[in-house]
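The values are calculated or read from the model by the stated rules, or taken from the named source; none is laboratory data. All values reported here derive from a predicted model rather than from experimental measurement. Note that we place each Cβ from the backbone using ideal geometry, even for glycine, and neighbour counts take in every protein chain shown.
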Amino acid sequence: MAKIKTCPKPTKKKKRPTITQLKKTLWPIFSKWIRRRDNYTCYTCGKNMFDNPSSCHAGHYVPQSKGNRLRFDERNVHAQCLTCNNFRSGNLSVYALELEAEYGPGILQEFESIKNERKKFTAEELQNMIDDYRQRLKEGN
């Protein structure tokens with residue numbers, strides 16, 4: 001009796017995530033790393049939220065809506081308490097002073113010059129960032 005050859009079942013091609021999906025995946029990982037990096041301490045008022053990490057935000061100096069290129073720039077994002085990030089709209093005057101103290105007097109001018117530049121993230125770039133920040137969280141640094 002001859003064996004009947006069967007056609008292999010067609011395998012479904014795995015869909016690659018879109019750029020938007022990758023950004024949505026990256027943000028919580030990046031945000032968690034930022035908050036941990038800053039030891040759950042508000043960059044603008046100094047409040048420590050270590051005992052209640054869920055009250056700690058990752059606040060942008062240049063908002064995501066205005067600074068796409070700065071969206072995942074570690075210098076532009078720091079831990080902030082709910083009050084500073086939401087109710088004081090980022091507490092930007094203090095944020096600016098802290099940025100200059102940490103990164104030097106040219107940081108605000110640098111942000112100003114690049115904040116309107118559009119950054120087209122590639123899927124590979126975003127996936128590499130996801131992998132990198134996941135690894136950093138795992139290693140604790």
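Values as computed for the structure displayed
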{"quantity": "Residue in region 70-81 that is outside any strand (DSSP E or B), surrounded by 11 or more Cβ atoms within 10 Å (Cβ to Cβ) and β-branched (Val, Ile, Thr) present", "calculated": "no"}
{"quantity": "Test for Lys47: is it surrounded by 10 or more Cβ atoms within 10 Å (Cβ to Cβ) and at pLDDT below 95", "calculated": "no"}
{"quantity": "Boolean, Asn86 is touching a residue at least 12 places away in the same chain (Cβ under 8 Å), more than 27 Å from Lys138 (Cα to Cα), part of a helix (DSSP H, G or I) and over 13 Å from the mean Cα position of the chain (by Cα)", "calculated": "yes"}
{"quantity": "Cβ-Cβ under 6 Å pairs, at least 6 apart or on other chains, region 102-114 side touching a residue at least 12 places away in the same chain (Cβ under 8 Å) and more than 17 Å from Arg71 (Cβ to Cβ), far side assigned to a loop (DSSP other than H, G, I, E, B) and among the aliphatic types (A, V, I, L, M)", "calculated": "none"}
{"quantity": "Residue satisfying condition, being under 13 Å from the mean Cα position of the chain (by Cα), outside any loop (DSSP other than H, G, I, E, B), among the hydroxyl-bearing types (Ser, Thr, Tyr) and surrounded by 13 or more Cβ atoms within 10 Å (Cβ to Cβ), within set Tyr95, Tyr133", "calculated": "Tyr133"}
{"quantity": "Within region 34-61, tally of residues that are under 15 Å from Val94 (Cβ atoms), in a loop (DSSP other than H, G, I, E, B) and either in contact with a Ser or Thr (Cβ under 6 Å, 6 or more places away or on another chain) or touching a residue at least 24 places away in the same chain (Cβ under 8 Å) (or both)", "calculated": "7"}
